[in-house]
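Note sheet for the following structure.
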Amino acid sequence: MIITIDGPAAAGKGTLAGKLAEKYALAYFDTGMVYRAVGLEMILGGYSLDDTAKAESLAQGLTFPRMMALSEYPDFRSLAGSKAASVVAAIPGVRKALLKMQQDFSIRPVFADGSPAKGAIYDGRDTGTVVCPQADIKFFVTASPEIRAERRYKEYLQKGQKANYQEVLTQTLLRDKNDFARESSQPAKDAVIFDTSELSAEEVFDQACEIVENRKKTLEK
Ligand code: C5P
C-alpha cells in the first residue's frame, strides 16, 4: 500500500505519517529531505543559492546514503537549511533530478534499518500529484500559517536553537509563497484534506485510520 501525505510546512504531516507508518508497518519517506540535502550541499560548498547549474549538478549526484549523512548536520533542519531547501526546490532541473530517487522507493520500500517493507508512506508537497500519482490513499494536511509558525518556533526552542516567532512566521509565509506557487503542490483531486487548526493530532489519526481500513478492505477483495 502506498499512502501520500502532502501539505505545507509544520501542518502535522510528519506526525500523521509516523503514526500511520507504525500502525500499518509501512516504510516512511520524508521527501523534504532530498531538497534539504541539496540546499545543505549548497551552503556547505559556499555556493550562492542563485547558482541554478550548481544546484542541478548536486541534485544529479545525490545518493540516498549521502542524504542520510547530511541529515545529521544541525543546519539540515535549521531556518537557514529550510530556506535553502525551499529555494533549490523551486528549480525545475533540481526537481527533475530528484524524482527517480523518490519514485524508486515505492518500488522497493525499506525501513530505516534497510529491511524490506510491504508499502510506503510519503510526506511532502507533490507526492500525491507527481511522485506517486498512483498512490492508494492521498491525504493533504494543512493549518493556518500562524499555528504552523508557532509549532515550528516551539520546536526550535525545544532543540535549544535560537528563534524569534516573528521571524519564523515571516519564513513560513515566504516558504508557502515559494512552495505553493507550483501547481503540483496543490492538493491532488482525489486527496482527503485535514485542517489541523481545527482537528487534534488524535482526531486526524483516527479519521485517517478509518480511511486506511476501508481502503484495505477494497484492496483485499
Ligand atoms: O517538508 P520540509 O519542510 O522538510 O521540506 C523542505 C522544503 O522542500 C519545502 O519547503 C519545499 O520547498 C521542498 N519540498 C518540495 N517537495 C516535496 C517536499 C519538500 O518542494 N515533496
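Against the conditions (1) in contact with a Leu (Cβ under 9 Å, 6 or more places away or on another chain); (2) more than 30 Å from D206 (Cβ to Cβ); (3) part of a loop (DSSP other than H, G, I, E, B), where does G114 fall short? Just the number, please.
Going through (1) in contact with a Leu (Cβ under 9 Å, 6 or more places away or on another chain); (2) more than 30 Å from D206 (Cβ to Cβ); (3) part of a loop (DSSP other than H, G, I, E, B) one by one, G114 breaks only (1).
Can you name the number of the only condition in (1) modelled with pLDDT of 95 or more; (2) more than 19 Å from K19 (Cα to Cα); (3) assigned to a loop (DSSP other than H, G, I, E, B); (4) open to solvent by less than 90 Å² (accessible area, probe 1.4 Å) that D104 fails?
For D104, the failing item is (3).
Go through the stretch 1-33 and report how many residues are open to solvent by 30 Å² or more (accessible area, probe 1.4 Å), touching a helix residue (DSSP H, G or I) at 6+ places or on another chain (Cβ under 6 Å) and more than 14 Å from the ligand (Cβ to nearest atom).
1
Give E72, E56 a once-over and let me know the one that is part of a loop (DSSP other than H, G, I, E, B) and either of a type outside the set (S, T, N, Q) or surrounded by 17 or more Cβ atoms within 10 Å (Cβ to Cβ) (or both).
So the residue among E72, E56 that is part of a loop (DSSP other than H, G, I, E, B) and either of a type outside the set (S, T, N, Q) or surrounded by 17 or more Cβ atoms within 10 Å (Cβ to Cβ) (or both) is E72.
Does G45 satisfy the condition of being loosely packed, with under 14 Cβ neighbours inside 10 Å, farther than 17 Å from D179 by Cβ and either within 13 Å of the ligand (Cβ to nearest atom) or of a type outside the set (D, E, K, R) (or both)?
Against the criterion (loosely packed, with under 14 Cβ neighbours inside 10 Å, farther than 17 Å from D179 by Cβ and either within 13 Å of the ligand (Cβ to nearest atom) or of a type outside the set (D, E, K, R) (or both)), G45 qualifies.
Please return the ranges of strands (runs of 3 or more DSSP E) entirely within the stretch 118-221 where 2 or more residues are of a type in the set (F, W, Y).
Strands (runs of 3 or more DSSP E) meeting the threshold: 137-142.
Would you pick out the residues in the stretch 177-205 that are among the charged types (D, E, K, R), in contact (Cβ under 8 Å) with a residue 60 or more places away in the chain and out of contact with any Lys or Arg (no Cβ under 9 Å at 6 or more places or on another chain)?
Within the stretch 177-205, none qualify.
The values are calculated or read from the model by the stated rules, or taken from the named source; none is laboratory data. This one's a predicted model, so the numbers in the text were calculated from it and none came from an experiment. Cβ atoms come from the backbone with ideal geometry, glycine included; neighbour counts cover every protein chain shown. Heads up: the accessible areas ignore ligands, DNA and RNA and are worked out on the full protein's heavy atoms, side chains in. Shrake-Rupley method; radii C 1.70, N 1.55, O 1.52, S 1.80 Å.
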